[in-house]
Ligand code: OGA
Ligand code: MN
């Protein structure tokens, strides 16, 4: 089955999906290189919680650092990633009669010790985030490094969870308004691109 159709099937079935060959591994490496360059340049800022007036830095809730990408001015590798997500977005529109209009994303790094407590991605006041998409960039991740994404599943009133390790090239997406998830404390720096397909 086409990889985007498989993703769409998973989203419909259980609200989330995991793919290992979303983009070529050479592109994953180049994105990591670019991200490391911007990290050195000091372009990342500590992420917060809440929007507008409610924005706060709360390291007891999340400890990641982000660099927003400018859709008007994407680098070559960013553009290639955008194209892959755009193909998925268009197929989502076709298959599920959605009206998804665009994609917004930031580069993300969790320093050693950082985590992100359980949450959903849709803000109460701002509901344009429909599908959360994360591409992980970390070569040779070991279970012992921690930093797993824990996705909670509700089935017939019982809660279970699935842990996803942030291995280089792994692409995870899920419904932003309903899938509860968290990032467990990482022992190693953890890099990714985090984005949202929007209405
Ligand atoms: C987020 C988030 C998960 C991850 O940025 O909202 O939940 O695995 N990220 O990085
Ligand atoms: Mn999240």
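Structure data summary
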read-out: Qualifying residues in segment 172-190 (those that are crowded, with 20+ Cβ neighbours inside 10 Å and within 19 Å of residue 145 (Cβ to Cβ)) - the one farthest from ligand 1 (Cβ to nearest atom); value: 186
read-out: Strands (runs of 3 or more DSSP E) wholly inside segment 53-125 containing at least 3 residues that are within 22 Å of residue 36 (Cα to Cα) and within 14 Å of ligand 2 (Cβ to nearest atom); value: 102-110
read-out: All positions within segment 21-32 that are free of Cβ contacts under 8 Å to residues at least 40 places away in the same chain and within 18 Å of the chain's Cα centre (by Cα); value: 24
read-out: Number of positions in segment 153-199 that are farther than 18 Å from residue 9 by Cα, away from ligand 2 (no atom under 12 Å from the Cβ) and assigned to a loop (DSSP other than H, G, I, E, B); value: 12
read-out: Residue that is touching a strand residue (DSSP E or B) at 6+ places or on another chain (Cβ under 6 Å) and near ligand 1 (Cβ under 10 Å from one of its atoms), where the choices are 107, 152, 136; value: 136
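Readers should treat all values here as calculations from the given coordinates under stated rules, not as data from a laboratory. Owing to the predicted nature of the structure, the values given are computational and were not obtained by experimental measurement. Please note: Cβ atoms are built from the backbone with ideal geometry, for glycine as well, and neighbour counts cover all protein chains shown.
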